[in-house]
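Novice: Got a structure here, written out as structure tokens. Questions coming.
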Amino acid sequence: MAGLAAINQLGESIVALLVARRNLLAAEDKLGPIAAALDISQLPLSRLAASPEPDAGLTISCLRIAFSDYPAPRVACPDTAEGASVALEASYLATAWSGGNAGDEQSILTWAMLELMARPSLDRSVLTGPAGTWEPDETVQLVPESLTDDALFRLWAALQHKLRMSMTFRARVLRIRYGPAPSWPNVVATRLNVAQTDDALLAGAP
């Protein structure tokens with residue numbers, strides 16, 4: 001299970017993955033119309049709403065954190081904090097910025113969709129963060145998530161920006177707890193020993 005910083009670190013991990021892919025493809029001259037120095041960053045919705053629009057680049061913003069339909073297993077534990085856990089899913093908004101150049105925005109967003117959906121499972125080779133954020137066997141799945149046109153219009157209206165070229169996807173399942181899973185002593189099974197006895201006793205002799 002992951003620690004409390006996992007949601008934010010997941011966004012940073014997605015950015016790091018896209019940056020690594022951008023650098024690799026740029027070195028192989030496979031980026032096409034996308035700039036080799038394309039800026040890719042995680043941008044909180046609060047900053048997106050309060051700041052001027054970026055001039056160029058790709059931003060990843062966490063839209064929502066919700067309970068997952070796949071709850072974390074309950075662990076019987078006398079310590080409430082140690083035993084508490086929750087299964088979450090996070091929705092993200094990926095937005096392309098290019099100063100109004102439609103061709104560049106479409107290319108950037110198409111590239112991001114291609115890269116993320118080509119790597120739908122993020123494991124510890126991709127997930128970044130300080131010690132204790134992720135367990136060694138941690139994995140997170142990325143799946144497409146489509147908002148209706150009305151939902152997109154309302155989203156950008158709430159952010160007080162004009163509708164931008166963007167797409168949404170979801171990360172699941174993040175199982176969060178305060179720290180490492182509690183470990184208990186191994187269960188010791190009862191052992192029965194069979195000893196040899198006198199045949200006469202077995203036969204019921206006095």
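Novice: Among strands (runs of 3 or more DSSP E) lying entirely in the range 35-154, which contain 2 or more residues that are touching a residue at least 40 places away in the same chain (Cβ under 8 Å) and over 14 Å from R170 (Cα atoms)?
Specialist: Values: elements: 40-42, 57-67, 85-97, 140-145.
Answer list for the range 35-154: 57-67, 85-97.
For every residue, the table says whether it meets (1) in contact with a helix residue (DSSP H, G or I) (Cβ under 6 Å, 6 or more places away or on another chain); (2) buried (at least 17 other Cβ atoms within 10 Å of the Cβ); (3) aromatic (F, W, Y).
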site	(1), (2), (3)
S107	no, yes, no
L122	no, yes, no
A131	no, no, no
W134	no, yes, yes
P144	no, no, no
L152	no, yes, no
L155	no, yes, no
A158	no, no, no
R164	no, yes, no
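Novice: Next question, about the same structure. Out of all the residues in the range 60-78, is one or more of a type outside the set (D, E, K, R), closer than 15 Å to A35 by Cα and modelled with pLDDT of 95 or more?
Specialist: So far as the range 60-78 goes, no, none of its residues is of a type outside the set (D, E, K, R), closer than 15 Å to A35 by Cα and modelled with pLDDT of 95 or more.
Novice: A further question on this structure: Condition test on L10, is it over 26 Å from L174 (Cβ atoms) and part of a helix (DSSP H, G or I)?
Specialist: Taking the combined requirement at face value, the residue does not satisfy it.
The values are calculated or read from the model by the stated rules, or taken from the named source; none is laboratory data. Keep in mind that this is a model prediction, so the values were computed, not measured. No Cβ is skipped: glycine too gets one built from the backbone with ideal geometry, and neighbour counts run over all protein chains shown.
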